[in-house]
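Below is one structure, written out as structure tokens; comments come after it.
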Amino acid sequence: MSIIIAIIIFGLLIFIHEMGHFLLAKKNGIRVVEFSIGFGPRLFSFDKGDTKYSLKLLPFGGACQMLGEDYYGEEDVDLDHENSFESKSVWARIAVILAGPLFNILLAFLLALVVMGIVGYDEPLVTYVEDGSPLYEAGIRSGDIITEFNGENVTLSRELMLELYVNPLEGEPVTIKYERDGKEYEVSVKPELKKTYALGITYMATDTPAAMEEITEEGAFAKAGVKKGDIITSIGGVEISTGADLNSYFKEHPLDGSELECVLTRDGEEYTVKVIPVYGGESYVLGFNYNMARVEVGPVDAIKYSAAEIKYQIKSVIRSLGLLFKGELGADDFSGPVGIVDIIDDTYQASREDGALYVFLNIANITLLISANLGMMNLLPIPGLDGGRLIFLLIEAIFKKPVPKKFEGVVTAACMIAIMLFAVYVMFNDIRKLF
């Protein structure tokens, strides 16, 4: 089932991307020679008007091949020059190329509307402040809503999480803006250096069972054999019914390196493990927790927070690329089709017991994430991607003269080879991770 879902998702994303190119090409009077989904041998095709529509064997790509573009159909250009890609104004060609990535971002926005409309958004609400911590001394309390963190606007909790991940706390004060009872306040807080311990798990602090959302590789729970989707029912002798109960337990019993006995269930079977929190060294902390659960919203706010979702996804891509260039992320942090299929399978398996609605919402959430990332990555100024083609067209628009086609072709071909080699590396790396 997961393979079928993955093929549907890939097909949808490719179709939307190529449809963006297709519609703008038709709008500008450009002849589309072939519109295809997939690569390799044709499984099915038909002709309508002057376009061939094809479904091909490998569902990992597609094409909107226009007359005169990249030498395609060049022998026919002289016969039908006025309908060729190259005959159109530079701004018309820019619109055609830009449409593919923008349609992916539009799809992500529409999917965000669906998700926000049904389950709402992750409100950046402070859920716990440790007594005597830097944030407590600054006056922030549970129930306050963070609106800005160190100069970065915060609309979703994940934006706060992203900021803390990209820019970990150090000894310098941080500026925080927050709302309480409709009024906005601002404080400057100096983080405190403390010893930290971790179990290597993430979970939702809600009134649903305390299921393991993620298990960190080489973390305490991973070493004990706990898997994603397992549910904690007891920890340290205290009964745990929900993620909120588990969150309350950790508030009352901060990790200090002592062994914990945990009772969990997997597929209805109960088992017990003993785990020792992993010492994470000393790090700077503010002494608070924040909400990651969803809050329901009305139709108007659903539009507002869907726009915030797209902003967050775009920001995530930009910041991840920044970490890549800094050497803080590597090729191993990328996932290709194999890795994405594995993520889809994990999501499907973890949510199917909750019913079809939850499966749909989780799959929709993954699809919007991939679609937004696909749109942004395609806009990178690398020849072989839409962004690279846009750079050549912008040069033409500025200097009123096109880049020599042979030079563009050589550079694009070289970059395409590099992209394909990188894709092969990522694919084999994804396969290695599975084992």
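General remarks:
- Each DSSP beta bridge with both residues in the chain is either parallel or antiparallel, and the antiparallel ones are about 90%.
- Per residue convex hull volume, Cα atoms of the chain, in Å³: 179 Å³
- In the chain, helical runs assigned H by DSSP with n ≥ 4 each contribute -39500 (n - 2.57); averaged across all residues and rounded to the nearest 500, the mean residue ellipticity at 222 nm is -15000 deg cm²/dmol.
- Burial ranking of peptide ranges 345-353, 96-104 (average Cβ count within 10 Å, highest at the top): 96-104, 345-353
- As a proxy for reagent exposure, ranking T147, T202 by other Cβ atoms within 10 Å from fewest up yields T202, T147.
- Extension gain for K183 to E152 (0.36 nm times residue separation, less C-alpha to C-alpha distance): 9.3 nm.
- Each other residue within a Cβ distance under 10 Å of R93 adds +1 if Lys or Arg and -1 if Asp or Glu, for a net charge of -1.
- Computed from Cα positions, the angle between helix 405-434 and the longest principal axis of the chain comes to roughly 40 degrees.
- Spin-label proximity, D50 to segment 25-44 - amide N less than 15 Å from point 7 Å beyond Cα toward beta carbon: 25-35
- For Y136, the shell of other residues with beta-carbons less than 12 Å away shows a net charge of -4, using +1 for Lys and Arg and -1 for Asp and Glu.
- The chain: angle of helix 2-27 to the longest principal axis, Cα-based, in degrees nearest 10: 50 degrees
- Relative to the Cα centre, the charge distribution of segment 276-435, modelled as +1 at Lys and Arg Cβ and -1 at Asp and Glu Cβ, gives a dipole magnitude of about 860 debye.
- Packing-based order for 366-378, 46-58, 149-161, 188-200, using average beta carbon neighbours within 10 Å, highest first: 366-378, 149-161, 188-200, 46-58
- Fewest-first ranking of F10, F428, F325, F334, using other Cβ atoms within 10 Å as the exposure measure: F325, F428, F334, F10
- Label sites at V411 and K311, each approximated as a point 7 angstrom past Cα along Cα to Cβ, lie 3.4 nm apart.
- Between the C-alpha center of segment 349-409 and that of segment 275-309 there is a gap of 27 Å.
- DSSP bridge pairs, segment 147-209: antiparallel proportion in percent, nearest 5: 100 percent
- Net charge contributed by nearby residues that have their C-beta within less than 13 Å of F407 (K/R +1, D/E -1): +1
- The K227 and F399 beta-carbon pair, evaluated with R₀ = 45 Å, returns a calculated FRET efficiency of approximately 0.20.
- The distance between label points at I4 and A418 comes to 4.2 nm (points 7 Å beyond Cα on the Cα→Cβ vector).
None of the figures in this text is laboratory data; all of them are computed from the coordinates on show. From a predicted model like this one, the values you see are computed outputs, not experimental measurements. Neighbour counts are summed over all protein chains in view; Cβ atoms, including those assigned to glycine, are modelled from backbone coordinates with ideal geometry.
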